[in-house]
1. When you scan region 2-43, how many residues do you find that are among the charged types (D, E, K, R), in a helix (DSSP H, G or I) and surrounded by fewer than 15 Cβ atoms within 10 Å (Cβ to Cβ)?
2. Taking the options VAL63, VAL83, VAL55, name whichever one is assigned to a helix (DSSP H, G or I), under 19 Å from the mean Cα position of the chain (by Cα) and touching a residue at least 24 places away in the same chain (Cβ under 8 Å).
3. Would you check if ILE67 is surrounded by fewer than 18 Cβ atoms within 10 Å (Cβ to Cβ), closer than 25 Å to LEU48 by Cα and at pLDDT 95 or above?
4. Return a yes/no flag: does region 157-168 have any residue that is polar (S, T, N, Q), part of a helix (DSSP H, G or I) and within 23 Å of ILE22 (Cβ to Cβ).
5. Identify the residue in region 118-138 that is surrounded by 13 or more Cβ atoms within 10 Å (Cβ to Cβ) and aliphatic (A, V, I, L, M) and, among all such residues, is farthest from the chain's Cα centre (by Cα).
6. Between ALA186, ALA104, ALA172, which is assigned to a helix (DSSP H, G or I), within 18 Å of the chain's Cα centre (by Cα) and surrounded by 13 or more Cβ atoms within 10 Å (Cβ to Cβ)?
7. Considering (1) out of contact with any Leu (no Cβ under 9 Å at 6 or more places or on another chain); (2) at pLDDT below 95; (3) among the β-branched types (Val, Ile, Thr), say which one VAL140 fails and leave the rest.
8. Six or more apart or on different chains, Cβ atoms under 6 Å: show the pairs whose first residue is in region 104-133 and hydrophobic (A, V, I, L, M, F, W, C) and whose second is modelled with pLDDT under 85 and crowded, with 17+ Cβ neighbours inside 10 Å.
Amino acid sequence: MKDSFWPMVKATVIRTIPLALISFGVGLVLALFVALARRSKQPVLSGLARLFISVVRGTPLLVQLFIIFYGLPELGIRFNPFVAAAIALSINVAGYAAEIIRSAIESIPKGQWEAGATVGMGYATTLRRVILPQAARTAVPPLSNTFISTVKDTSLCALILVVELVRTAQNAAAPTQKFFPVYVLAGLIYWVVCLALSFLQSRAETRLNRFVAA
């Protein structure tokens, strides 16, 4: 098991965490556009956003991974395992984070939009300078939980040949057939990473709430 530890830590640092960070970052950008489309007064745009969210949240991530990695090649579209995993995870994050962002935006009083318009700000400027900074306080806790879930969801990417933590654990355990200690060690590594992320989430919430009146 000692020989397995550093390869698993290395896989966590160079594959699992970067995959989660890239997927969450891209997914967050997509989620913002989907959330804004969901709030649109254009029925077609709003309907497409609703459909996207429904499909993503109504299908398993594993199926999404398999469609992108194993299904799309039948249409002539091929991605290497890491890229396919990043695409699937980004789409999955977008489907869940879009509703979080939409709810956070809608929690801001309408008077804030009116105040922005009063001083000559357009929709995009009011959104960027007034609405989103306030909405962030509401969105950070659930979005942080989404990121932690994304870190754990990277374990499914072992099934499409991404050499992340779980795949490395499988490779380490296969020669000796001692799966229990290796998988327990993998679980402990995930746990430590999630504890660190929970600590960072708490610090982020504290910083965002510094200027909020009690």
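The values are calculated or read from the model by the stated rules, or taken from the named source; none is laboratory data. Note that the structure is predicted; figures quoted are calculated from it, not measured. Please note: Cβ atoms are built from the backbone with ideal geometry, for glycine as well, and neighbour counts cover all protein chains shown.
1. 3
2. Working: VAL63 fails: touching a residue at least 24 places away in the same chain (Cβ under 8 Å); VAL83 fails: touching a residue at least 24 places away in the same chain (Cβ under 8 Å).
None of the other options fit; the residue is VAL55.
3. Against the criterion (surrounded by fewer than 18 Cβ atoms within 10 Å (Cβ to Cβ), closer than 25 Å to LEU48 by Cα and at pLDDT 95 or above), ILE67 qualifies.
4. Scanning region 157-168, I find at least one residue that is polar (S, T, N, Q), part of a helix (DSSP H, G or I) and within 23 Å of ILE22 (Cβ to Cβ), so the answer is yes.
5. Of everything passing the filter in region 118-138, MET121 is farthest from the chain's Cα centre (by Cα).
6. Being assigned to a helix (DSSP H, G or I), within 18 Å of the chain's Cα centre (by Cα) and surrounded by 13 or more Cβ atoms within 10 Å (Cβ to Cβ) holds for just one of ALA186, ALA104, ALA172, which is ALA104.
7. (1)
8. Once the first residue is hydrophobic (A, V, I, L, M, F, W, C) and sits in region 104-133, its partners that are modelled with pLDDT under 85 and crowded, with 17+ Cβ neighbours inside 10 Å give VAL130/GLY116.
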